[in-house]
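Since the structure comes first, as structure tokens, the remarks are kept for the end.
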Amino acid sequence: MLKRLALLTLPLLLLAGCNRIPENAPPTVVAVDIQRYQGTWYEIAAFPNRFQKNCTATRAEYRLRDDGKVDVINRCHLGNPKGEENIARATARLDPAKPDGSRLLVSFFPLIEGNYWILGLDPDYRWALVGAPGRDYLWILARTPDMDPGTYDDIVARAQALGFDTAKLKKTVQPG
């Protein structure tokens with residue numbers, strides 16, 4: 001009986017450690033108006049990761065729900081912008097530790113949440129710098145599929161100042 005309880009509890013304990021925040025975590029923006037943040041965002045660049053392998057023309061849609069949570073739909077095309085479309089759906093909620101909208105907890109699978117921290121945000125919500133507290137994930141997002149090179153360089157410099165290894169950034173192929 002004790003062995004069974006240990007086997008059932010172990011995965012929950014491991015999951016509890018997934019969202020640990022390091023002491024030197026990067027600061028998020030002061031606050032985010034989720035109403036303004038919702039809508040479509042195009043991925044301009046990102047750290048390569050296993051769940052976006054072979055993705056191009058990547059974009060995300062955020063829709064605020066009546067219960068305060070956010071529906072997330074991530075789309076990409078495999079191989080090239082005309083390749084097969086891949087869709088991943090998730091739900092996000094405000095992080096209760098910082099409910100100002102700058103930190104979200106995103107769940108693609110029940111009981112597993114990932115950190116989505118908004119580290120930089122244009123005052124007009126034209127671009128966003130999003131990452132994770134362990135600095136292992138980073139995305140540069142924009143409302144349009146392309147970005148002015150000067151703006152891109154400024155965002156990369158901001159990420160580097162926050163301690164991210166920006167040499168790992170890979171620009172995302174977008175149509176057009």
Q: Test ALA25 against the criterion of being on the phi < 0 side of the Ramachandran plot, surrounded by 12 or more Cβ atoms within 10 Å (Cβ to Cβ) and of a type outside the set (S, T, N, Q), and give yes or no.
A: yes
Q) Just a yes or no: is a residue in segment 38-56 in a loop (DSSP other than H, G, I, E, B), basic (Lys, Arg) and over 29 Å from ALA167 (Cα atoms)? A) no
Q | Breaking point among (1) within 15 Å of LEU141 (Cα to Cα); (2) in contact with a Pro (Cβ under 6 Å, 6 or more places away or on another chain), for PHE47 | A | (2)
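How many of the residues in segment 98-132 are of a type in the set (S, T, N, Q), touching a Ser or Thr at 6+ places or on another chain (Cβ under 6 Å) and outside any loop (DSSP other than H, G, I, E, B)? Show your work before the answer.
Going through segment 98-132, the residues of a type in the set (S, T, N, Q) turn out to be 102, 107, 115.
Of the ones still in play, those that are also touching a Ser or Thr at 6+ places or on another chain (Cβ under 6 Å) are 102, 107.
After this cut, where a residue has to be outside any loop (DSSP other than H, G, I, E, B) as well, the list is 107.
Total meeting the criteria: 1.
So which of ARG63, ARG59, ARG93 is in a strand (DSSP E or B), surrounded by fewer than 19 Cβ atoms within 10 Å (Cβ to Cβ), of a type outside the set (Ser, Thr, Tyr) and over 13 Å from the mean Cα position of the chain (by Cα)?
Working: ARG59 fails: over 13 Å from the mean Cα position of the chain (by Cα); ARG93 fails: over 13 Å from the mean Cα position of the chain (by Cα).
When all the criteria are applied, what remains is ARG63.
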Q. Out of segment 28-56, which residues are modelled with pLDDT under 95, out of contact with any strand residue (DSSP E or B) (no Cβ under 7 Å at 6 or more places or on another chain) and either open to solvent by 70 Å² or more (accessible area, probe 1.4 Å) or under 26 Å from GLY68 (Cα atoms) (or both)?
A. ARG50, PHE51, LYS53
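The values are calculated or read from the model by the stated rules, or taken from the named source; none is laboratory data. Please read these numbers as outputs of a predicted model, since none were measured by experiment. Don't worry about glycine lacking a Cβ; one is built from the backbone with ideal geometry, like all the others, and counts go over all protein chains shown. The area values use the complete protein model at the heavy-atom level, side chains included, leaving out ligands, DNA and RNA. Shrake-Rupley method; radii C 1.70, N 1.55, O 1.52, S 1.80 Å.
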